Amino acid sequence: MNYEERDAFGIYAATTDMDDTVPNRNRGPGPHLMGADTLLGNDVCNAQDEDLGDIKEIMLDMRTGQVSYAVLSFGGFMGMGDKLFAVPWAALTLDTERKRFVLDVSRDRLESAPGFDRNDWPDMADTAWEKGIHAWYGTRPYAGARQG
C-alpha cells in the first residue's frame with residue numbers, strides 16, 4: 001500500500017484547475033510535506049528495483065522535531081522472521097512516480113546492516129549507536145541534533 005492509498009484526509013488527491021479538465025497536483029502539501037501515517041507500509045526498493053521491504057515506523061527526535069529514522073522491515077515471510085533496520089531518514093528518497101521509497105543499498109548489503117528484532121529494540125538515544133548507523137548508511141545526523 002502506498003501513501004496515496006492510505007490518504008484518509010485527501011491530502012494527495014488530484015484537483016483540477018478552473019475549467020475542471022486539467023489535473024493540478026500542485027495543491028495540497030504533498031510531496032514536500034506528508035502525513036506520517038500515510039508513509040507507514042510504503043514499499044522500499046533499491047536503485048536496481050529490488051524489493052527491500054516496507055516502512056513499519058517513523059521515529060521522531062522529540063528534542064529537535066526532526067524525523068530521525070524510518071524503521072524498515074526486511075526478510076521473513078508474512079511478518080515472521082523479518083529483521084528491522086533503523087534507516088536514517090536522509091538515506092531515503094521518495095519516488096513520487098512509483099509511490100515508494102528508494103534506499104541506495106544492495107539486498108546483500110542490507111542483510112549485513114545493523115538491525116534488530118521487533119522484541120529487542122536498540123537504544124536509539126545512544127550517540128555511539130547513532131554514529132554507527134549514520135556511518136553505515138553514509139549519512140550525517142541532522143544539524144542541531146544532540147552532540148556527544
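The values are calculated or read from the model by the stated rules, or taken from the named source; none is laboratory data. As the structure is a prediction and not an experimental result, all values here were calculated from the model. Cβ: placed from backbone, ideal geometry, glycine included. Neighbour counts: every protein chain shown.
Taking only the stretch 111-142 into account, find how many residues are β-branched (Val, Ile, Thr) and farther than 22 Å from Arg63 by Cα. I'd like the intermediate steps shown before the answer.
So in the stretch 111-142, the residues β-branched (Val, Ile, Thr) come out as 127, 133, 139.
Of the ones still in play, those that are also farther than 22 Å from Arg63 by Cα are none.
Looking only at that region, the number is 0.
When the residues of the stretch 17-56 are narrowed to those that are surrounded by fewer than 15 Cβ atoms within 10 Å (Cβ to Cβ) and modelled with pLDDT of 90 or more, which ends up nearest to Trp121 (Cα to Cα)? Give the steps one after another, and end with the answer.
Restricting attention to the stretch 17-56, the residues satisfying the condition of being surrounded by fewer than 15 Cβ atoms within 10 Å (Cβ to Cβ) are 17-27, 29, 31-33, 36-37, 47-51.
Imposing the further condition that a residue be modelled with pLDDT of 90 or more reduces the set to 47-51.
Details: Ala47: 28, Gln48: 29, Asp49: 28, Glu50: 26, Asp51: 23 Å.
For the stretch 17-56, the residue satisfying everything is Asp51.
Would you please list the contacts, defined by Cβ atoms under 7 Å and residues six or more apart or on different chains, that run from a residue in the stretch 47-75 that is among the basic types (Lys, Arg) to a residue that is exposed (fewer than 15 other Cβ atoms within 10 Å of the Cβ)?
Cβ pairs passing all conditions: Arg63/Arg146.
Just the residues that are β-branched (Val, Ile, Thr) and closer than 18 Å to Val67 by Cα, please, taken from the stretch 93-114. Write out each step before concluding.
Step one: filter the stretch 93-114 for residues β-branched (Val, Ile, Thr), giving 93, 96, 102, 105.
Thr93, Val102, listed by residue number.
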